[in-house]
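Accompanying notes for the structure given below.
The values are calculated or read from the model by the stated rules, or taken from the named source; none is laboratory data. What you see is a predicted model; the values in this text were computed from it and never measured. Positions of Cβ are generated from backbone atoms using ideal geometry, with glycine treated the same way; all protein chains shown enter the neighbour counts.
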Amino acid sequence: MALLEVNAVSIGFGGILAVNRVSFELNGSTILGIIGPNGSGKTTLLNILNGVHPPDEGEITFNGVKTTRLKSHQLTKMGIMRTFQNPHVFQTITVYQNMMVPLLHANVPAHESYEKAMELLKFVGLEEKAEIPASELSGGQQKLLEFARALMTDPQLVMMDEPFGGMHPQIKGTLIQRIREMRERGIAFMIVSHEIPNLMELSQQVICLNYGKLIANDTPIAVSQNESVIEAYLGH
């Protein structure tokens, strides 16, 4: 059974279909790259799968459970987390306090949550910045913080929207390596990115959207050689 099954999902805004009958499956421990031109529906697809917008049509199943109209907080409890193109970190509280936010309503002993937060901050190289306000981090460091925070709930699936954009190469390299390591530990990822070389190297499966429609779903090599994808997005 696939971890995530998306069946003929559609959503429209103002009479325009932003996502048009998209179907695909994602297995556990897999990195799925999502590519396509601007306005092709990539972020909207994540918003549907993350519970921000319920689809107008179609069905979504996660771990065999229908999740089509569940809200984001319900999906978090089921094992789905999300990061954003512009990091959603709380600027006025410390880096460590940001890490605690996903566990505010969880029954986790304080010493366990502290140890877990510090271990994950060390994992992304931010342990020495634990007690400074998140506003003092660079944009790339804030993305690392958001990534580490998403791991606090032991998710099975992490959705990431443009995680590599505008990053210092060293920070990008750290994030890519940490995503790989978490995949080896059994976490699946869905990553929207225009950083095609990085995404193709990282992913095991790639889908391409164009005008809301799925035009390719295959291995990175196969998608990069797909004539429809080349014409719509990659260019010759």
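Condition first: within 23 Å of residue 20 (Cβ to Cβ) and either of a type in the set (Val, Ile, Thr) or outside any strand (DSSP E or B) (or both). Now tell me which residues in segment 204-223 satisfy that. Within segment 204-223, 206, 207, 211, 212, 215, 222, 223 meet the criteria. Looking at 40, 29, just one residue is more than 21 Å from residue 202 (Cα to Cα), in a loop (DSSP other than H, G, I, E, B) and touching a residue at least 60 places away in the same chain (Cβ under 8 Å), and that residue is 40.
Scanning segment 177-199 for residues that are of a type outside the set (S, T, N, Q), in a helix (DSSP H, G or I) and either touching a Lys or Arg at 6+ places or on another chain (Cβ under 6 Å) or surrounded by 18 or more Cβ atoms within 10 Å (Cβ to Cβ) (or both) returns 178, 179, 182, 183, 199. The single residue among 167, 160, 100 that is hydrophobic (A, V, I, L, M, F, W, C) and touching a strand residue (DSSP E or B) at 6+ places or on another chain (Cβ under 7 Å) turns out to be 160. Restricting segment 58-77 to residues that are surrounded by 15 or more Cβ atoms within 10 Å (Cβ to Cβ), on the phi < 0 side of the Ramachandran plot and at pLDDT 95 or above, the residue that is nearest to the chain's Cα centre (by Cα) is 75. Are any of the residues in segment 119-130 part of a loop (DSSP other than H, G, I, E, B) and acidic (Asp, Glu)? So far as segment 119-130 goes, no, none of its residues is part of a loop (DSSP other than H, G, I, E, B) and acidic (Asp, Glu).
Quick check on residue 54: is it surrounded by fewer than 21 Cβ atoms within 10 Å (Cβ to Cβ), of a type outside the set (Asp, Glu) and touching a helix residue (DSSP H, G or I) at 6+ places or on another chain (Cβ under 6 Å)? For residue 54, the condition - surrounded by fewer than 21 Cβ atoms within 10 Å (Cβ to Cβ), of a type outside the set (Asp, Glu) and touching a helix residue (DSSP H, G or I) at 6+ places or on another chain (Cβ under 6 Å) - is not met.
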